[in-house]
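Engineer: Sharing a structure here in structure tokens format.
The values are calculated or read from the model by the stated rules, or taken from the named source; none is laboratory data. This structure is a prediction, so every number in the text was calculated from the model and none was measured. Backbone-built Cβ (ideal geometry, glycine too); neighbour counts: all protein chains shown. With ligands, DNA and RNA removed, areas are computed over all heavy atoms of the protein, side chains included. Shrake-Rupley method; radii C 1.70, N 1.55, O 1.52, S 1.80 Å.
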Amino acid sequence: MKQEARIRAAIEKGEIRKVVIIDDAFDPPALSDEVAGEFLDLLEKEASAAVLKKAGVTPEEAKAARDAITASEYTADELQIVVSKLYAKYVEKFDDKFDPAGSFSVLKGDNLRRVRPLLLLLATCSKLTVTRIGSDASGVDFDALKPDVVFVDYYLDATLSPDGNPDEAQGQAARRGSLEMLRRVLLNKPGIGPSVMLMSSHSVRKEAHAFRREIREERKVFASRFHYLSKEELDEEDDGSIRVSGDAVDALLDIAQRHRFAGAVEEGLAQWKSGLDQAAATVWDLITELELKDFAYLARFRLAEEGQPLSSYLEWLFGEVLIDGIARSVKWGDQSFKTLDDGAFKNKPGSQIEGAFDGPTLHIAELYFRARVDARPTRQGTDLRTGDLYVHKDRPDELLATVTPECDLVLRRNKRSAKRLTVVSGILQAIDAPDSSIADFFMLDNKPLNIVWNAKDIRTIDYPDIGDDGYRLVGTLRPLYAYELQRRVLADLGRVGLAVAPAMAMTAQAKVVVRRDEGEPVELRLPMPDTASCAVIPKRGSSDKPRVIYHRSFASALLDALLTIPDKELDADAKTQVGSLKQPGNQMLFVDKLCRDGQLDGEEAFGILTTLQFVRRKGSIPWCQILVSHEKEAAETGLPEEDAPVAVEL
């Protein structure tokens, strides 16, 4: 599949309007004897005047360049000015009239060839301005750039081979040059920064994120706005189209499709960080106003009586005040939060992102774990809490959680109200299968796991057994999650078991409709007396369904009637089902199913639907439907009379 059109559409739809490409391939070449003649011809021909004018070369500059070539002064500034202007115009769309006899292609070689497919691809995008910057940025107005995306080469040094590996000193210098040039571009972009695409023809993919972390100190480049592109995965085809393959497809689509949404994420989180800093300063100002007697009052007349350490209380108090301060300080009305809230709606920035979700990173797993669990091991055996989590050294796959009320765990005069810990057990399961659950996410030794709690397995632990030689504390559930687990255990304990209700049933009648060849349901007349056809066992609860048990006479009559329907009056699916029922073994299974197990309301067997509802005429229509109704309802089909199926004898 050709990806060029998809990438172009994604760039345009992502509202990417300005792109900067930093690559030493844009450094103008130095002339030599081999190509000087071709340039002199271009400068001397009258027909070349229009070409020079389009390249921005004035007549005075052209004359000075001719004189330099005639004098064999190939490094003269006058000549380099003209070469630079022609080369800059040439790399815009690779128009050969700005490349005398293909000289630029020869002089720049593989350096230019590797970046050419990307330039040609971007040149086909509408409303896109591309600025090209080499290792020499003289003449670049950085204040005017304000790019949406920056493509930057990992090594910025025109003397480096695009294939061979540089020595350590040369490589570090080229990498440093790339970082410095990128910083000059980013520091002049107000508000949120642009997305960054690191690219290279060298094998530096593993170094990409280390590069990202070094770009800026104060405001890091978000991983969500950073991608890596291998130049080797873009090629120019013989017909002029661009072949994009491998990871380059995802890199280019991701940076384009995620541009607006990722920008809103960065801006929103920057607003949150600003609110955090402001809240921290405000809370600190409040704390500095506390006097010693405020702390003494807490310690002597409140916490000492409750047996709670002052440090634990201050951790809770100041933490909650800080959370309140953040909520007050963040500018939640900023447009970035509106963009995030609308992210998944149709035609909104978030809806443009495509591709399978490749799973959460370890970073988000760690954040979620820290939101759920206090994993500090410094409280071993002293400050016990509801939600403490323990692992026994001999049972590493089992986790125990304290459900004892916290007030009974407080140490008062060296005693606790609870004689021992009450815990509930859970099994630690690896999250390594599609059907794995993360309902109770946990991390142990940096491995993501899920806890399957067993509310019926409640135990007690003696306090002396807590420690490295017995039950090791591995964390504490945050209060919300600890109390939810405690409630779950108490709810299970507090259940009242009732006797199972008897299987009471009501007699009912059934009619059958069969889908004929045109797709319309036709009522199938059965040679049955007007008596009950089945029994309906009512459902026991809201999640249950009524069950229909058919009489033997009805099941046998239905089977006989179905087997005598002419094939020409059935569609393909119905013919297949009837053919299956002609097998003796299936006939026994069919009768056994209807008469022994019965069918739930809405269940199908052999493609035959049992329903207590109206005949199904839209959507997926079963080839045969049994319409069940109570006797007093005269077994109506549920259709208005004018829409009722046509009754025919078959």
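Engineer: Would you confirm, using the coordinates I've provided, whether THR476 is of a type in the set (Ser, Thr, Tyr) and closer than 30 Å to ILE549 by Cβ?
Structural biologist: no
Engineer: Also, quick follow-up: Yes or no: GLU180 exposed (fewer than 15 other Cβ atoms within 10 Å of the Cβ) and in a loop (DSSP other than H, G, I, E, B)?
Structural biologist: Spelling it out, it is not the case that GLU180 is exposed (fewer than 15 other Cβ atoms within 10 Å of the Cβ) and in a loop (DSSP other than H, G, I, E, B).
Engineer: Can you say whether ALA503 is surrounded by fewer than 11 Cβ atoms within 10 Å (Cβ to Cβ) and either over 30 Å from ALA455 (Cα atoms) or modelled with pLDDT under 85 (or both), as far as the supplied structure shows? It would help to see each step written out before you state the result.
Structural biologist: Working: surrounded by fewer than 11 Cβ atoms within 10 Å (Cβ to Cβ): no; either over 30 Å from ALA455 (Cα atoms) or modelled with pLDDT under 85 (or both): yes.
Here the answer is no, as ALA503 does not meet what is asked.
Engineer: Among the residues of region 312-342, write down those that are basic (Lys, Arg), in a helix (DSSP H, G or I) and under 29 Å from the mean Cα position of the chain (by Cα).
Structural biologist: Correct list: LYS338 only.
Engineer: What single numbered condition from (1) open to solvent by 50 Å² or more (accessible area, probe 1.4 Å); (2) modelled with pLDDT of 90 or more; (3) not in a strand (DSSP E or B) fails to hold for ASP239?
Structural biologist: It is condition (2) that ASP239 fails.
Engineer: Now a separate question. Within region 441-470, can you find the residues that are in contact with a Leu (Cβ under 8 Å, 6 or more places away or on another chain), polar (S, T, N, Q) and modelled with pLDDT of 85 or more?
Structural biologist: If the condition is that a residue be in contact with a Leu (Cβ under 8 Å, 6 or more places away or on another chain), polar (S, T, N, Q) and modelled with pLDDT of 85 or more, then ASN450, THR460 are the ones that fit.
Engineer: Restricting attention to region 489-499, report how many residues are open to solvent by 70 Å² or more (accessible area, probe 1.4 Å) and not in a helix (DSSP H, G or I).
Structural biologist: Matching residues across region 489-499 total 5.
Engineer: Picking from ALA101, ALA158, ALA123, which residue would you name as being touching a residue at least 24 places away in the same chain (Cβ under 8 Å), open to solvent by 30 Å² or more (accessible area, probe 1.4 Å), within 26 Å of GLU233 (Cα to Cα) and more than 38 Å from the chain's Cα centre (by Cα)?
Structural biologist: ALA158
Engineer: A further question on this structure: Does ASP592 satisfy the condition of being part of a loop (DSSP other than H, G, I, E, B) and either at pLDDT 90 or above or of a type in the set (Asp, Glu) (or both)?
Structural biologist: Values: part of a loop (DSSP other than H, G, I, E, B): no; either at pLDDT 90 or above or of a type in the set (Asp, Glu) (or both): yes.
Judged against the criteria, ASP592 is not a match.
Engineer: So LYS2 fits all but one of (1) in contact (Cβ under 8 Å) with a residue 60 or more places away in the chain; (2) part of a loop (DSSP other than H, G, I, E, B); (3) touching a helix residue (DSSP H, G or I) at 6+ places or on another chain (Cβ under 9 Å); what number is the exception?
Structural biologist: The failed condition is (3).
Engineer: Go over the candidates GLY598, GLY638, GLY619, GLY607 one by one and state the one that is within 50 Å of the chain's Cα centre (by Cα), at pLDDT below 90 and surrounded by 14 or more Cβ atoms within 10 Å (Cβ to Cβ).
Structural biologist: Numbers: GLY598 fails: at pLDDT below 90; GLY619 fails: surrounded by 14 or more Cβ atoms within 10 Å (Cβ to Cβ); GLY607 fails: at pLDDT below 90.
Only one candidate qualifies: GLY638.
Engineer: Let me spell it out: the conditions are (1) open to solvent by 40 Å² or more (accessible area, probe 1.4 Å); (2) at pLDDT 90 or above, and GLU73 meets all of them except one. Which number is the exception?
Structural biologist: It is condition (2) that GLU73 fails.
Engineer: Additional query: Sort through GLU73, GLU78 and tell me the only one that's outside any helix (DSSP H, G or I) and more than 26 Å from ILE242 (Cα to Cα).
Structural biologist: GLU73
Engineer: Sticking with this structure for a sec: Please go through region 577-604 and pick out each residue that is without any contact (Cβ under 8 Å) to a residue 24 or more places away in the chain and among the β-branched types (Val, Ile, Thr).
Structural biologist: VAL578
Engineer: Does ILE81 satisfy the condition of being touching a Leu at 6+ places or on another chain (Cβ under 8 Å) and either surrounded by 13 or more Cβ atoms within 10 Å (Cβ to Cβ) or farther than 30 Å from SER195 by Cα (or both)?
Structural biologist: Details: touching a Leu at 6+ places or on another chain (Cβ under 8 Å): no; either surrounded by 13 or more Cβ atoms within 10 Å (Cβ to Cβ) or farther than 30 Å from SER195 by Cα (or both): yes.
Criteria not met by ILE81.
Engineer: Now for a different question. Applying the selection to region 331-389, what residues are closer than 23 Å to MET443 by Cα, modelled with pLDDT under 85 and among the aromatic types (Phe, Trp, Tyr)?
Structural biologist: Residue satisfying the conditions is PHE357 alone.
Engineer: Continuing with the same structure: Within region 212-232, can you find the residues that are over 24 Å from the mean Cα position of the chain (by Cα) and open to solvent by less than 40 Å² (accessible area, probe 1.4 Å)?
Structural biologist: Of region 212-232, the ones over 24 Å from the mean Cα position of the chain (by Cα) are 214-218, 231-232.
Answer for region 212-232, where residues must be over 24 Å from the mean Cα position of the chain (by Cα) and open to solvent by less than 40 Å² (accessible area, probe 1.4 Å): ILE215, ARG216, LYS231.
Engineer: For ARG478, all conditions in the list (1) charged (D, E, K, R); (2) within 30 Å of GLY319 (Cβ to Cβ); (3) touching a Pro at 6+ places or on another chain (Cβ under 6 Å) hold save one; what is the number of the exception?
Structural biologist: ARG478 satisfies all of (1) charged (D, E, K, R); (2) within 30 Å of GLY319 (Cβ to Cβ); (3) touching a Pro at 6+ places or on another chain (Cβ under 6 Å) except (3).
Engineer: For region 542-557, does any single residue satisfy the condition of being crowded, with 16+ Cβ neighbours inside 10 Å, closer than 15 Å to CYS595 by Cβ and in contact with a Phe, Trp or Tyr (Cβ under 8 Å, 6 or more places away or on another chain)?
Structural biologist: Yes, region 542-557 contains a residue that is crowded, with 16+ Cβ neighbours inside 10 Å, closer than 15 Å to CYS595 by Cβ and in contact with a Phe, Trp or Tyr (Cβ under 8 Å, 6 or more places away or on another chain).
Engineer: If you check VAL57 against the conditions, is it surrounded by fewer than 19 Cβ atoms within 10 Å (Cβ to Cβ), more than 29 Å from LEU160 (Cβ to Cβ) and β-branched (Val, Ile, Thr)?
Structural biologist: Here the answer is no, as VAL57 does not meet what is asked.
Engineer: Name every residue in region 622-635 that is open to solvent by 70 Å² or more (accessible area, probe 1.4 Å) and modelled with pLDDT of 50 or more, in order of residue number.
Structural biologist: Result: GLU631, LYS632.
Engineer: Let me ask you something else. Report yes if GLN587 is open to solvent by 10 Å² or more (accessible area, probe 1.4 Å), assigned to a helix (DSSP H, G or I) and touching a Gly at 6+ places or on another chain (Cβ under 7 Å), otherwise no.
Structural biologist: So GLN587 does not fit the description; no.
Engineer: Just to be sure, is GLU38 more than 26 Å from ARG184 (Cα to Cα) and without any contact (Cβ under 8 Å) to a residue 24 or more places away in the chain?
Structural biologist: Considered against the rule, which asks whether it is more than 26 Å from ARG184 (Cα to Cα) and without any contact (Cβ under 8 Å) to a residue 24 or more places away in the chain, GLU38 comes out as no.
Engineer: What is the one condition in (1) modelled with pLDDT under 90; (2) more than 22 Å from ALA262 (Cβ to Cβ); (3) open to solvent by less than 40 Å² (accessible area, probe 1.4 Å) that ASN165 does not satisfy?
Structural biologist: (3)
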